[in-house]
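Working notes, structure below.
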Amino acid sequence: MATIRRLSVFFIILISSSVLSGCISQPAALTEVPLDSVTLQLQWVTQAQFAGYYVALDKGWYLDEGIDLTIKPGGPDISPADSVAGGTAEFGTSLLADIIVAIQQGKPIISVGQIQQINGLLLLAKKTSGIETPQDLAGKDVGVWLGSWQAQFDALMAKEGFTANDFNLVSQGFSMDSFLNDELDVASAMIYNEYYVVLENGFSPEDINIIDYADYGLGFPGDVLMTNTQLVEQNPDLVTRMLRASLRGWQYAVENPEETVDIVLKYDKPGIQTREHQLSMMNEIAKLVKVTVRPLGFTDRSDIRATINTLANFGILDEAIEPEIVFTNDFWDQANSTTE
């Protein structure tokens, strides 16, 4: 009986080993989930203004979300709103005020994340010009990035009672050379970029007069992450994943400026940026992105309402539109509920 018992145990072990061996040598086939190919159209060249996106791309956080992301740099002649509305990019960046104007014009876009809670747009004039206030722009050559940065300027001119014939509007390019060479009396500048370019070219803050839109009731929020309304309806999960990875990148960028600048420079294919300038930009961008009054990327409806009303009051919009046409926090809620 003992021999039979030992044989029974032997056969049980042998059969069990064969089964297990079969499981190991013939694993179940793994199904590969295809990545979503996505394009993000920026409104300017590769720089720390868009640091969060480059960080998330470099760290592989878009891939973690099943997204194969291509980031397209922009420029003064590129409208991300047109790219997103026309379907050549799934996502884009732009100032809040400008996408509000684009939406009223019928473009099917919507903001899904308010990345810059504060706007860094300024007008600069040399102190020697005597230009100190918007009223001093009469008869002057004024540089503006037309299209993606124009709504605020148009509102300021309307507020001051100017018509298009009261000053000479000039399409401003990439560089500040026209301002530095006195071809422009007034130039547009972002506090985190062009203002520092002027200082780096030998001017001191005391040499420059700043016209800050916020001083005239036009301190709108800045860059948003936007997408097409059709994508929101047809693939909301993709929008959530894109926003979640982007917010992760922005959080890291704000907390790690030195490493972030190195990442941004890695993606600067033309090699036009300097580390010193990008670090100063990143420090200023962090102030616009990370504020204490609301969470990273969250949109305050009252900010949208105030911006719409201001643009409507000064005739930049034909009429006030509902904030819900401009933005949604639904994807912000979903992105944060899965990361907390």
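The values are calculated or read from the model by the stated rules, or taken from the named source; none is laboratory data. The structure presented is a predicted model; accordingly, all values stated were derived computationally and were not measured. Backbone-built Cβ (ideal geometry, glycine too); neighbour counts: all protein chains shown.
Okay, residues lined up against (1) in contact with a Phe, Trp or Tyr (Cβ under 7 Å, 6 or more places away or on another chain); (2) surrounded by fewer than 16 Cβ atoms within 10 Å (Cβ to Cβ):
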{"site": "Glu258", "(1), (2)": "no, yes"}
{"site": "Ile272", "(1), (2)": "no, yes"}
{"site": "His277", "(1), (2)": "yes, no"}
{"site": "Ala286", "(1), (2)": "no, no"}
{"site": "Leu296", "(1), (2)": "yes, no"}
{"site": "Thr299", "(1), (2)": "yes, no"}
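Quick check on the stretch 308-318: of everything there that is touching a residue at least 24 places away in the same chain (Cβ under 8 Å) and either not β-branched (Val, Ile, Thr) or not in a loop (DSSP other than H, G, I, E, B) (or both), which residue is surrounded by the fewest Cβ atoms within 10 Å (Cβ to Cβ)?
Taking the stretch 308-318 as the starting set, the residues that turn out to be touching a residue at least 24 places away in the same chain (Cβ under 8 Å) are 308, 310-311, 314-318.
Filter again for either not β-branched (Val, Ile, Thr) or not in a loop (DSSP other than H, G, I, E, B) (or both), leaving 308, 310-311, 314-315, 317-318.
Values: Ile308: 24, Thr310: 23, Leu311: 24, Phe314: 18, Gly315: 11, Leu317: 22, Asp318: 9.
Result: Asp318.
Could you please find all residues in the stretch 198-221 being within 14 Å of Lys126 (Cβ to Cβ) and outside any loop (DSSP other than H, G, I, E, B)? Break it down into steps so the answer makes sense when it comes.
Quick first cut of the stretch 198-221, residues within 14 Å of Lys126 (Cβ to Cβ) only: 198-199, 201-211.
Hits for the stretch 198-221 are Val198, Leu199, Pro205, Glu206, Asp207, Ile208, Asn209, Ile210, Ile211.
Conditions first: (1) farther than 26 Å from Asn283 by Cα; (2) in a loop (DSSP other than H, G, I, E, B); (3) among the aliphatic types (A, V, I, L, M); (4) out of contact with any Ser or Thr (no Cβ under 9 Å at 6 or more places or on another chain). Ala89 passes all but one, so which condition is the exception?
It is condition (4) that Ala89 fails.
So that you can scan it fast, the table gives a plain yes or no per residue for (1) buried (at least 23 other Cβ atoms within 10 Å of the Cβ); (2) aliphatic (A, V, I, L, M):
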residue	(1), (2)
Val55	yes, yes
Lys59	no, no
Asp68	no, no
Gly74	no, no
Gly92	yes, no
Ile99	yes, yes
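Any residue that is aliphatic (A, V, I, L, M) and touching a Lys or Arg at 6+ places or on another chain (Cβ under 7 Å) - is there at least one of those in the stretch 180-195?
First, pick out the residues of the stretch 180-195 that are aliphatic (A, V, I, L, M): 180, 184, 186-187, 189-191.
Filter once more, so that each one left must be touching a Lys or Arg at 6+ places or on another chain (Cβ under 7 Å): 186.
Checked against the condition, which is being aliphatic (A, V, I, L, M) and touching a Lys or Arg at 6+ places or on another chain (Cβ under 7 Å), the stretch 180-195 yields at least one hit.
Could you say which residue among Ser175, Ser188 is free of Cβ contacts under 8 Å to residues at least 24 places away in the same chain, under 24 Å from Gln278 (Cβ atoms) and either among the basic types (Lys, Arg) or outside the structural domain of Thr328 (by TED's automatic domain parsing) (or both)? Before the answer, list the steps.
Values: Ser188 fails: free of Cβ contacts under 8 Å to residues at least 24 places away in the same chain.
The conditions single out Ser175.
For the stretch 149-169, state whether one or more residues are surrounded by 16 or more Cβ atoms within 10 Å (Cβ to Cβ), in a loop (DSSP other than H, G, I, E, B) and within 22 Å of the chain's Cα centre (by Cα).
For the stretch 149-169, residues surrounded by 16 or more Cβ atoms within 10 Å (Cβ to Cβ), in a loop (DSSP other than H, G, I, E, B) and within 22 Å of the chain's Cα centre (by Cα): present.
Among the numbered criteria (1) in a loop (DSSP other than H, G, I, E, B); (2) in the same structural domain as Val186 (by TED's automatic domain parsing); (3) free of Cβ contacts under 8 Å to residues at least 40 places away in the same chain, which one does Gln135 miss?
Among (1) in a loop (DSSP other than H, G, I, E, B); (2) in the same structural domain as Val186 (by TED's automatic domain parsing); (3) free of Cβ contacts under 8 Å to residues at least 40 places away in the same chain, the lone unmet condition for Gln135 is (1).
Which residues, taken from the stretch 239-267, are assigned to a loop (DSSP other than H, G, I, E, B) and more than 17 Å from the chain's Cα centre (by Cα)?
Of all residues in the stretch 239-267, those assigned to a loop (DSSP other than H, G, I, E, B) come to 256, 267.
Within the stretch 239-267, Asn256 is the sole residue that qualifies.
Please go through the stretch 101-114 and pick out each residue that is among the hydrophobic types (A, V, I, L, M, F, W, C) and either without any contact (Cβ under 8 Å) to a residue 24 or more places away in the chain or in a helix (DSSP H, G or I) (or both).
Residues of the stretch 101-114 among the hydrophobic types (A, V, I, L, M, F, W, C): 101-103, 109-110, 112.
Within the stretch 101-114, Val101, Ala102, Ile103 qualify.
Leu137: closer than 22 Å to Asp215 by Cα and modelled with pLDDT of 95 or more, yes or no? Please lay out each step first, then the result.
Numbers: closer than 22 Å to Asp215 by Cα: yes; modelled with pLDDT of 95 or more: yes.
Yes, satisfied.
Checking the conditions here, which among Asp98, Asp82, Asp68 is among the acidic types (Asp, Glu), under 21 Å from Ile304 (Cβ atoms), touching a residue at least 24 places away in the same chain (Cβ under 8 Å) and in the same structural domain as Asn228 (by TED's automatic domain parsing)?
Values: Asp82 fails: under 21 Å from Ile304 (Cβ atoms); Asp68 fails: under 21 Å from Ile304 (Cβ atoms).
After ruling out the rest, the residue left standing is Asp98.
Looking at (1) at pLDDT 95 or above; (2) within 17 Å of the chain's Cα centre (by Cα), which is the only condition Pro323 fails?
Condition not satisfied by Pro323: (2).
What's the number of the only condition in (1) within 22 Å of Thr227 (Cα to Cα); (2) of a type outside the set (Phe, Trp, Tyr); (3) assigned to a loop (DSSP other than H, G, I, E, B) that Val84 fails to meet?
Result: Val84 fails condition (3) only.
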